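Following: one structure in structure tokens, then a few remarks.
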Amino acid sequence: MKKLWGNYSYAIILVVLSMLSLVVLKINLPSSPDHYVTITVSAGESLWEISQKYEGQHGLSEMEFIKWVEQYNGISGDHIFSGENIIIPIKAGNIELNETQDLASK
């Protein structure tokens, strides 16, 4: 075992660090856009209003929601425009049920 460690210690350390790095990246990187809901911004709508509109579905504070949307969509300073498509931090399966419930209650 000592001989193995002595000959391949750098390679073993490199493999272990690489695996740890991959795990950390997998945890921290957002999922693909297909896993989240894409919405079209309405006229006069802000990220703050969108956060409040979907408040029960994302589980984030307004500031966390806005920061996530800005980072994920490459937006800076709450600059969104009417007709623009943005990805919001709501799992794709969650929104369909709530929209169906909203339509049924109208």
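The values are calculated or read from the model by the stated rules, or taken from the named source; none is laboratory data. What you see is a predicted model; the values in this text were computed from it and never measured. Glycine gets a Cβ as well: all are built from the backbone with ideal geometry, and neighbour counts include every protein chain shown.
Before moving on, here are some points about what is shown:
- Within the range 57-77, tally of residues that are in a helix (DSSP H, G or I) and in contact (Cβ under 8 Å) with a residue 12 or more places away in the chain: 10
- When Ile39 is tested against (1) farther than 16 Å from Asn85 by Cα; (2) at pLDDT 90 or above; (3) not in a helix (DSSP H, G or I), just one condition goes unmet, and that condition is (1).
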